[in-house]
Amino acid sequence: MSPAKKGKYVPGDWKLTVKRSSAGLGLFAGEAIPKGVCVIEYVGKTLTQEETDKSKSRYLFEISKTKTIDGKPKINKAGYINHSCRWNCESKIHKGRVFIFSTRAIKAGDELTYDYGKEYVDEFIKPFGCRCEKCAKK
């Protein structure tokens, strides 16, 4: 089992698995993860504003007005974390990097999720219908 906290912005060595979810592929906990710990870092290529404007990637994470990370899943396990309207994680930007923290205790086998934000949801999720666990039960 991973230590609860190595350092506030240091991801634990959690067992995380990519597998099929209701929204395609998702990232799942292979072990229990306590509330309030750094689970994983969202990594990828840093893009300029010009590159961001031209990008067609759906894995863009805006860090600031001039810095965006393109975290395509093949290089970024955190890119498999899906949106949910009842999330169990949240993203935190710290020193130009993105870290994913648990917002509640996560059981082994649970999918990791966070809220992608209104702009992303309105553009890419709402037009097709949200497939998160909360919305699928409606």
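Here, each number is a calculation from the coordinates, and none is a lab measurement. What you see is a predicted model; the values in this text were computed from it and never measured. Heads up, the Cβs are rebuilt from the backbone with ideal geometry, glycines too, and the neighbour counts pull from every protein chain shown.
Applying 1/(1 + (r/R0)^6) with r as the Cβ-Cβ distance of residue 90 and residue 51 and R0 = 25 angstrom yields a FRET efficiency of 0.40. Counting only cysteine Cβ atoms and a cutoff under 4.7 Å, the chain contains unmatched residues 38, 85, 89, 132. Dividing the summed -39500 (n - 2.57) terms of all DSSP H runs of n ≥ 4 by the residue count of the chain sets its mean residue ellipticity at 222 nm at -1500 deg cm²/dmol. Modelled spin-label separation between residue 135 and residue 107, with each label point placed 7 Å from Cα along the Cα-to-Cβ direction: 2.4 nm. Across region 113-122, computed HN-Hα scalar couplings (Karplus, 6.51 cos²θ - 1.76 cosθ + 1.60, θ = phi - 60°) run 9, 8, 7, 6, x, 4, 4, 5, 4, 4 Hz from first to last residue, x flagging Gly and Pro.
If you stretched the chain out fully between residue 65 and residue 119, how much longer would it get, using 0.36 nm times the residue separation minus the C-alpha to C-alpha distance?
On the way: separation 54, 0.36 × 54 = 19.44 nm, distance 1.51 nm.
This chain segment gains 17.9 nm when fully extended.
With 18 Å as the limit on Cα-Cα distance, the pairs of 15/67; 35/72; 19/74; 65/95; 56/92; 77/134 that go past it are 15/67; 35/72; 56/92; 77/134. Each principal axis of the Cα cloud of the chain was taken in turn, and the coordinate range along them, longest first, works out to 43, 39, 23 Å. Near residue 40, the amide H atoms lying under 5 Å from its own belong to 100; only residues 5 or more places off or on other chains count, and H is placed 1.01 Å from N.
The mean sequence separation of alpha-carbon pairs under 8 Å and at least six residues apart, normalised by the residue count of the chain, gives a relative contact order of 27 percent.
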